[in-house]
1. Filter region 62-107 for residues that are among the hydrophobic types (A, V, I, L, M, F, W, C) and touching a Lys or Arg at 6+ places or on another chain (Cβ under 6 Å); which is farthest from Phe124 (Cα to Cα)?
2. Suppose we filter Ile111, Ile40, Ile55 for residues that are surrounded by fewer than 21 Cβ atoms within 10 Å (Cβ to Cβ), hydrophobic (A, V, I, L, M, F, W, C), on the phi < 0 side of the Ramachandran plot and at pLDDT 95 or above; which single one remains?
3. Could you tell me whether region 83-90 includes any residue that is in contact with a strand residue (DSSP E or B) (Cβ under 6 Å, 6 or more places away or on another chain), in contact (Cβ under 8 Å) with a residue 60 or more places away in the chain and open to solvent by 10 Å² or more (accessible area, probe 1.4 Å)?
4. Among the residues of region 181-203, write down those that are part of a loop (DSSP other than H, G, I, E, B), touching a helix residue (DSSP H, G or I) at 6+ places or on another chain (Cβ under 7 Å) and buried (at least 17 other Cβ atoms within 10 Å of the Cβ).
5. Give, as residue ranges, the strands (runs of 3 or more DSSP E) completely inside region 116-176 that count at least 1 residues that are free of Cβ contacts under 8 Å to residues at least 60 places away in the same chain, under 20 Å from Asp200 (Cα atoms) and open to solvent by less than 10 Å² (accessible area, probe 1.4 Å).
6. Just checking, does region 8-19 include any residue being of a type in the set (S, T, N, Q), without any contact (Cβ under 8 Å) to a residue 60 or more places away in the chain and open to solvent by 20 Å² or more (accessible area, probe 1.4 Å)?
7. Go through region 139-154 and report how many residues are under 10 Å from Gly174 (Cβ atoms) and β-branched (Val, Ile, Thr).
8. Which residues, counting only those in region 188-210, are more than 14 Å from Asp166 (Cβ to Cβ) and of a type in the set (S, T, N, Q)?
Amino acid sequence: MQYNLVKKYEPGMLNVNFFTFNAFEENTYVLFNEKKQCWIIDPGMYDERETAQMIAYITDKQLIPQAIINTHAHLDHIFGVQALIDKYGIPFGVHEQELPVLRMAAGSAAIFGFDFKHTPKPDFFITENEPLKVGDDTLKVFHTPGHSTGSISFYYPQGNWVISGDVLFAGGIGRTDLPGGNLDTLLNSIRTHLFTLPGDTTVLSGHGPATQIAHEKKHNPFLNPQP
């Protein structure tokens, strides 16, 4: 596990740190502002050790958790949701179309050999037509299905970054062979939403390193197949 500032802390801006958790090496993001309010995106802490690391970070930075907001509800992105709800009593939000994925979580865990008995229930739904307020800041919400039916991405223009979940990776795209996945839908989501952002926008993915929109437009083999 590591956490690093994506860029140097900027007062008056919404800042972001990330952790890498669980066997799937999933990226969990922590957004925070100068008031110490924080929002956790896709908490993937699987065991007590990883949960303790997250709590220690929040405590050390004197952050005040406000909510959990998920890009989607695949198992590796929700492992740590209930632990944060239990610890901080904060609400959990996801796109409504992810409810079937949540309902399958326990079964998916059994298939992969994970211990996951308590599937979290969302307290609110996140929709594309309603910008998401995080303190005094606002995240633009894009509905970007294809990896899962209710996949969403969070765009913060002031910080010049987008958190894409498992939609777009550095040199790759999300898998589309899971329930609700569709390759054509995923490629369309990337082209009509993410690829309309400025080229120097940093893409913070659900797995792997950060990248930039311009780089992926030019080099991503799934979106620019070579003859």
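1. If we take residues in region 62-107 being among the hydrophobic types (A, V, I, L, M, F, W, C) and touching a Lys or Arg at 6+ places or on another chain (Cβ under 6 Å), then Leu63 is farthest from Phe124 (Cα to Cα).
2. Matching residue, one of Ile111, Ile40, Ile55: Ile55.
3. Checked against the condition, which is being in contact with a strand residue (DSSP E or B) (Cβ under 6 Å, 6 or more places away or on another chain), in contact (Cβ under 8 Å) with a residue 60 or more places away in the chain and open to solvent by 10 Å² or more (accessible area, probe 1.4 Å), region 83-90 yields no hits at all.
4. Hits for region 181-203 are Leu197, Thr201.
5. 137-143, 161-165
6. no
7. 1
8. Of everything in region 188-210, those that are more than 14 Å from Asp166 (Cβ to Cβ) and of a type in the set (S, T, N, Q) turn out to be Asn188, Thr192, Thr196, Thr201, Thr202.
The values are calculated or read from the model by the stated rules, or taken from the named source; none is laboratory data. Keep in mind the model is a prediction, meaning the values are calculated, not measured. Positions of Cβ are backbone-derived with ideal geometry, glycine not excepted, and every protein chain shown enters the neighbour counts. The area values use the complete protein model at the heavy-atom level, side chains included, leaving out ligands, DNA and RNA. Shrake-Rupley method; radii C 1.70, N 1.55, O 1.52, S 1.80 Å.
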